[in-house]
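The values are calculated or read from the model by the stated rules, or taken from the named source; none is laboratory data. Predicted, not measured: the structure shown is a model, and the values here were computed from it. Counting neighbours? That spans all protein chains shown, and the Cβs are built from the backbone with ideal geometry, glycine included. Accessible surface is based on the protein model in full, side chains and every heavy atom, while ligands, DNA and RNA are left aside. Shrake-Rupley method; radii C 1.70, N 1.55, O 1.52, S 1.80 Å.
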Amino acid sequence: MNMEDADHRIENTAAGCTMTGVLRLATPGAYERIFNPIHDAMIACKTTYVVDIRGLNFMNSSGITALSRLVLAARKLDLPLRILGAESIAWQRKTITSLRRLHTLLTVDIQDTPAS
Amino acid sequence: MSISRIHGVFDGAAVEPPLSKFEVKFTPLDLIAHWKRCGMTADFLAYFIAYAFENPKAALNTLSTVINELLENAVKFSANKREPVVLSFDHFGDTIRIETCNTCSGAITQRFDSFLQRLGSEDIEDLFIAQIEQNAATNRSESGLGLITMVKDHNSNLAVSIRPLEVGDAHEVRVRVTLNANEVDQS
């Protein structure tokens with residue numbers, strides 16, 4: 001049965017990306033392939049880049065590592081970054097807010113309403 | 001590195017039998033070949049446990065996150081991918097205990113030992129940030145972030161026992177996370 005990749009979706013635009021579903025890939029390296037377009041978009045971005053994870057129910061620690069690498073990349077680019085999270089999703093409320101210390105231009109916005 | 005050691009506090013044998021319990025054995029190779037089985041297992045077991053909670057949806061997210069991290073680590077770092085790893089759960093009413101047991105090579109055990117010493121002595125928020133910065137510079141798969149978040153974000157008691165096996169350089173590693181049931185219900 002092939003159900004690989006059926007559990008997450010990443011939509012990219014010039015000013016941001018939206019991740020939904022479940023991201024539990026095996027290693028931080030496995031995330032590189034799907035996060036490379038995000039990194040490229042950040043390099044080209046002239047305003048604040050927005051990462052919307054309100055619809056992402058689960059992300060494992062390899063994913064947290066990969067997400068934090070995006071934050072470090074934004075820091076290197078001196079790019080303002082905004083992460084949108086959901087109050088109702090425990091791991092987002094608890095873990096993602098700690099990333100603020102990595103980048104002075106990072107805003108972590110944990111909202112009450114989940115992504116539609 | 002050939003002596004047994006314990007990091008954290010093992011809460012020992014319970015006086016009363018658990019209200020609920022299960023134990024599952026996995027062949028790591030099965031989960032490595034189809035990585036999503038880790039998440040499937042974590043979700044299923046979290047549903048099983050959370051079903052009895054007042055706020056099952058909230059509890060589910062925390063329980064699945066914790067079970068998945070422990071299971072992924074046990075599978076990823078097991079020394080022999082054909083030798084079963086054991087995942088167990090015990091619910092004692094006020095506390096929930098989730099534990100994995102697997103074997104680790106001497107080299108991985110040594111790095112794990114050093115990491116656990118830091119986890120037990122350094123400020124947890126500082127360690128979280130330091131590990132992210134360090135991981136960005138290296139490319140190791142053993143980030144340690146999963147165990148840091150167990151302690152930092154889920155207010156768990158983390159205890160690890162490391163015991164050398166009689167033959168070879170591998171060690172038996174038992175990782176136990178004890179959660180407050182009320183906090184999980186309100187997470």
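Only residues that are buried (at least 22 other Cβ atoms within 10 Å of the Cβ) and touching a Phe, Trp or Tyr at 6+ places or on another chain (Cβ under 6 Å): list them for the stretch B:141-187, please.
B:GLY144, B:ILE148
Pick from B:ILE98, B:ILE108: which is surrounded by 15 or more Cβ atoms within 10 Å (Cβ to Cβ), at pLDDT 95 or above and more than 22 Å from A:LEU67 (Cα to Cα)?
Going through B:ILE98, B:ILE108 in turn, just one is surrounded by 15 or more Cβ atoms within 10 Å (Cβ to Cβ), at pLDDT 95 or above and more than 22 Å from A:LEU67 (Cα to Cα): B:ILE98.
Which residues, counting only those in the stretch A:68-96, are polar (S, T, N, Q) and assigned to a helix (DSSP H, G or I)?
A:SER68, A:GLN92, A:THR95
Could you tell me which of the residues A:PHE35, A:PHE58 is within 10 Å of the chain's Cα centre (by Cα), surrounded by 20 or more Cβ atoms within 10 Å (Cβ to Cβ) and either at pLDDT below 95 or not β-branched (Val, Ile, Thr) (or both)? Let's see the steps before the verdict.
Working: A:PHE58 fails: within 10 Å of the chain's Cα centre (by Cα).
Step by step, each of A:PHE35, A:PHE58 is checked, and only A:PHE35 is within 10 Å of the chain's Cα centre (by Cα), surrounded by 20 or more Cβ atoms within 10 Å (Cβ to Cβ) and either at pLDDT below 95 or not β-branched (Val, Ile, Thr) (or both).
Between a first residue in the stretch B:119-137 that is more than 7 Å from chain A (Cβ to nearest Cβ) and a second residue that is of a type in the set (Lys, Arg) and surrounded by 12 or more Cβ atoms within 10 Å (Cβ to Cβ), which pairs have beta carbons less than 7 Å apart while being 6 or more apart in sequence or on different chains?
Sorted first by the residue in the stretch B:119-137, then by its partner, the pairs are B:ILE124/B:LYS152; B:LEU127/B:ARG118.
For the structure I just gave you, tell me whether A:ILE43 is more than 11 Å from chain B (Cβ to nearest Cβ), modelled with pLDDT of 95 or more and open to solvent by 70 Å² or more (accessible area, probe 1.4 Å).
So A:ILE43 fits the description; yes.
Output the residues belonging to the stretch A:61-84 that are open to solvent by 10 Å² or more (accessible area, probe 1.4 Å), under 16 Å from A:LEU106 (Cα atoms) and of a type outside the set (A, V, I, L, M).
Selection gives A:ARG69, A:ARG75, A:LYS76, A:ASP78, A:PRO80, A:ARG82.
Enumerate the pairs (first residue in the stretch B:40-57 and open to solvent by 100 Å² or more (accessible area, probe 1.4 Å); second residue anywhere and of a type outside the set (Gly, Ala, Ser)) with beta-carbon separation below 6 Å, excluding pairs fewer than 6 apart on the same chain, so at least 6 apart or on different chains.
Close Cβ pairs (under 6 Å, with a partner that is of a type outside the set (Gly, Ala, Ser)) amount to B:GLU54/B:ASP185.
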